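Novice: Below you'll find the structure I mean.
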Amino acid sequence: MRRAIITPTFKKHFCFIKKYLNSFDKYLLDRDFPICFIIAKSENKDFEKLISKYKKSLNIKVFFLEDILKRFDIEETPEELMTLYGRLSFQTIKKIYGALYIAADQFLFLDSESMLIKPTNMTSLFEEYFKAPKFFISRINNRKRTYNANFTYEFINAITSLMGEKAEYYTTESYEWFYELRILKDSIKKMGEPIDVIRNYNMPDRHPNLEGILEALWYYQYILYNNIYGYKIYETDEELKKFLGNKYHSFKYSFDSSPFWAVGILEVLTKFINKDNIKELLNFYNKYNFSVIRMEMPLRSQNFEFQLELLNHSNIHILASNQEHLFVSGFKKSSKTFSFLIKNINTFIYPFKQGIRWIFSIFNMFIVLFKILVGK
């Protein structure tokens, strides 16, 4: 197989698959492009119900995790892997060994929550990316001084230590997860079998409950320190300085002061789009030809229209991990902020409804405790 999309999923995420496939059915131009799902055998009956209506119009392929594990002599069951090594390391096992099993030369990892948002020739997206492959990194020493005590640092250190390198860069800045099979295989030769690494790795005492091996860090850290593949590597901070100019410092202050300071800058950049920087950030996204991004809910509701402007005037075709964004519940390119919020009011107030339910559940718990204490 030359190229493919690979989406590992599981039953709790099946609720996203309908919108995922609806978007592909609506916007995918090269209908024969392989869309590969990885699931457990026990989930197949429910999954088949979801995908049956799309099988004639899309090239859907389903692979079973049990078959993948057997091929690579991994003895643990999926349930045991999840219990023993945690959710994120389990995802790493599914993704890396799933990619090796499917054996596409080039592939794009998409989460279940992803969607196409405009007519897309997937083959062209692959060709454009691999014509000038790139990824973005950010320096740890440009973050808060407390970053080294943060769990994100431990994820980075878990990977770099395998190569005898220091944890200096965060390499999962964006969601353009285009991979090459040859590089993945080379990384395993260098760093060891992923299952053995996961079995043997323990997080430090200060973060004992975190899961330590992330496949995106594995792949891009390897390229960073072994870049014989022609990838262009950009430092996010330096590139944003070029485009934002004097506005960079206010952006950096907002980012460092936000709850998102420990993750990738590009991962949450869309939260910070506003009327003062939309022109510069649109130029940034177009300069580097981003086709896949995570569109985060903005910090201020009036910034929705500038997020829409970014999508309308850029090469972005795929929203990754984004089905909870307001855009997904009623994507209207021409909508202004107020009308957009009105049309999607149920989605907008969802977090508040959840909060109210939580308050009432706590209140009811106290009532039960009170009745127990007074003997009623």
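The values are calculated or read from the model by the stated rules, or taken from the named source; none is laboratory data. Keep in mind it's a predicted model, so treat the numbers as computed, not measured. FYI the Cβ positions are ideal-geometry reconstructions off the backbone, even for glycines, and counts take in every protein chain you see.
Novice: Surrounded by 17 or more Cβ atoms within 10 Å (Cβ to Cβ), out of contact with any His (no Cβ under 8 Å at 6 or more places or on another chain) and either of a type in the set (A, V, I, L, M) or under 23 Å from Glu238 (Cα atoms) (or both): does that describe Thr160?
Specialist: In short, yes.
Novice: Going by the conditions given, is Phe63 assigned by TED's automatic domain parsing to the domain that holds Ile39, under 27 Å from Lys49 (Cα atoms) and in contact with a Gly (Cβ under 7 Å, 6 or more places away or on another chain)?
Specialist: yes
Novice: Every residue in the stretch 14-69 that is assigned to a strand (DSSP E or B) and aromatic (Phe, Trp, Tyr), please.
Specialist: Phe37, Phe63, Phe64
Novice: Name the pairs: first residue in the stretch 122-141 and assigned to a helix (DSSP H, G or I), second residue of a type in the set (Lys, Arg), Cβ to Cβ under 6 Å, at least 6 apart or on different chains?
Specialist: Within 6 Å, the pairs are Phe126/Arg3.
Novice: If Phe107 passes every condition in (1) of a type in the set (Phe, Trp, Tyr); (2) in contact with a strand residue (DSSP E or B) (Cβ under 7 Å, 6 or more places away or on another chain); (3) in contact (Cβ under 8 Å) with a residue 40 or more places away in the chain; (4) in a helix (DSSP H, G or I) but one, which one does it miss?
Specialist: Failed condition: (4).
Novice: Have a look at Lys242, Lys252, Lys271 and point out the one that is free of Cβ contacts under 8 Å to residues at least 60 places away in the same chain, in a helix (DSSP H, G or I) and not assigned by TED's automatic domain parsing to the domain that holds Thr172. Talk me through it step by step, then tell me what you get.
Specialist: Working: Lys242 fails: not assigned by TED's automatic domain parsing to the domain that holds Thr172; Lys252 fails: not assigned by TED's automatic domain parsing to the domain that holds Thr172.
Within the list Lys242, Lys252, Lys271, the selection yields Lys271.
Novice: Would you say Lys55 is outside the structural domain of Val197 (by TED's automatic domain parsing), free of Cβ contacts under 8 Å to residues at least 12 places away in the same chain and farther than 21 Å from Ile195 by Cβ?
Specialist: Taking the combined requirement at face value, the residue satisfies it.
Novice: Any residue in the stretch 301-313 that is farther than 30 Å from Glu128 by Cβ, modelled with pLDDT under 65 and part of a helix (DSSP H, G or I)?
Specialist: yes
Novice: I'd like to know if the stretch 173-196 contains one or more residues that are outside any helix (DSSP H, G or I), at pLDDT 95 or above and in contact with an Asp or Glu (Cβ under 8 Å, 6 or more places away or on another chain).
Specialist: Yes - at least one qualifying residue is present in the stretch 173-196.
Novice: If you go through the stretch 70-86 one residue at a time, do you hit one that is basic (Lys, Arg), surrounded by fewer than 15 Cβ atoms within 10 Å (Cβ to Cβ) and farther than 15 Å from Ile38 by Cβ?
Specialist: Checking the stretch 70-86: not a single residue is basic (Lys, Arg), surrounded by fewer than 15 Cβ atoms within 10 Å (Cβ to Cβ) and farther than 15 Å from Ile38 by Cβ.
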